[in-house]
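Right, one structure below, let's go through it.
The values are calculated or read from the model by the stated rules, or taken from the named source; none is laboratory data. No experiment lies behind these values; they were computed from the predicted model shown. For neighbour counting, all protein chains shown are included, and Cβ atoms are generated from backbone atoms with ideal geometry for every residue, glycine included.
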Amino acid sequence: MRKLVSVFILLMGIVISGIAQEPEDRGYIVNVGDMAPDFEMSLMDGQKVKLSDLKGKVVMLQFTASWCGVCRKEMPFIEKEIWQINKNKDFALYGLDRDEPIEKAQKLIDATGITYPIALDDGGKIFEQYALKNSGITRNVILNREGRIIYLTRLFNQEEFAAMKRVIEEELKN
């Protein structure tokens with residue numbers, strides 16, 4: 001039954017967003033339904049987290065950078081409408097600061113007021129497992145409890161953001 005519900009959630013994510021899930025138009029090299037490429041990330045405090053160790057949780061990866069104006073606009077919404085609501089559930093959220101030193105990532109955290117963890121994506125190596133090297137950010141990748149991609153976003157608009165929140169909420173009900 002759980003597997004059937006997961007398939008339903010996956011399909012719902014595709015239907016809700018329609019064109020938003022066309023990865024080739026958005027620079028993605030992964031697709032909804034794919035297993036997420038595994039990686040190890042280094043958080044700002046030096047802690048290491050391996051994506052595959054998060055199985056059993058719904059995971060949101062937010063690719064960001066201090067120079068990205070759209071990221072700065074989106075991050076407070078992620079903080080308030082996703083992180084604060086779901087942080088005490090089986091949910092993990094990591095911002096991945098693309099190819100910047102820790103000082104710039106800290107300035108981004110300070111400027112946006114976020115409290116969710118940020119990892120440093122040195123050289124953009126993690127980003128390049130999900131999207132074309134020269135494609136832009138901000139982008140979010142939502143994973144189900146098995147580590148399968150169930151939703152992809154690019155840039156920030158309210159409709160797509162609302163659909164992403166619904167996908168997260170539905171997956172957390174499983």
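Only a single item in (1) closer than 20 Å to Glu100 by Cβ; (2) crowded, with 23+ Cβ neighbours inside 10 Å is not met by Lys133, and it is number (2). In the stretch 98-125, the qualifying residues are those that are in contact (Cβ under 8 Å) with a residue 40 or more places away in the chain and of a type in the set (S, T, N, Q), and the one that is nearest to Lys73 (Cα to Cα) is Thr112. The set of residues in the stretch 54-77 being touching an Asp or Glu at 6+ places or on another chain (Cβ under 9 Å) and closer than 23 Å to Arg148 by Cα consists of Lys55, Gly56, Lys57, Val58, Gln62, Phe63, Thr64. Within the stretch 157-171, not a single residue is touching a strand residue (DSSP E or B) at 6+ places or on another chain (Cβ under 6 Å) and among the basic types (Lys, Arg).
For the stretch 113-130, a residue qualifies if it is buried (at least 19 other Cβ atoms within 10 Å of the Cβ), small (Gly, Ala, Ser) and in a loop (DSSP other than H, G, I, E, B), but none of them does. Which of the following residues is of a type in the set (S, T, N, Q) and in contact with a Ser or Thr (Cβ under 8 Å, 6 or more places away or on another chain): Asn140, Asn88? Selected residue: Asn140, the only one of Asn140, Asn88 that is of a type in the set (S, T, N, Q) and in contact with a Ser or Thr (Cβ under 8 Å, 6 or more places away or on another chain). Taking strands (runs of 3 or more DSSP E) as the structural unit, those lying wholly within the stretch 1-106 and holding at least 3 residues that are modelled with pLDDT of 95 or more and of a type in the set (Val, Ile, Thr) correspond to 58-64. All conditions in (1) surrounded by fewer than 18 Cβ atoms within 10 Å (Cβ to Cβ); (2) within 12 Å of the chain's Cα centre (by Cα) hold for Ile150, with the sole exception of (1).
For beta carbons closer than 8 Å, sequence separation of 6+ or different chains, a first residue in the stretch 55-80 that is touching a residue at least 60 places away in the same chain (Cβ under 8 Å) and farther than 18 Å from Gln106 by Cβ and a second that is among the basic types (Lys, Arg) and part of a loop (DSSP other than H, G, I, E, B), the qualifying pairs are Lys55/Arg145; Gly56/Arg145; Lys57/Arg145; Val58/Lys89; Val58/Arg145. Among the residues of the stretch 138-163, which ones are farther than 22 Å from Lys50 by Cβ and either part of a loop (DSSP other than H, G, I, E, B) or of a type outside the set (Asp, Glu) (or both)? Result: Thr138, Thr153, Arg154, Leu155, Phe156, Asn157, Gln158, Phe161, Ala162, Ala163.
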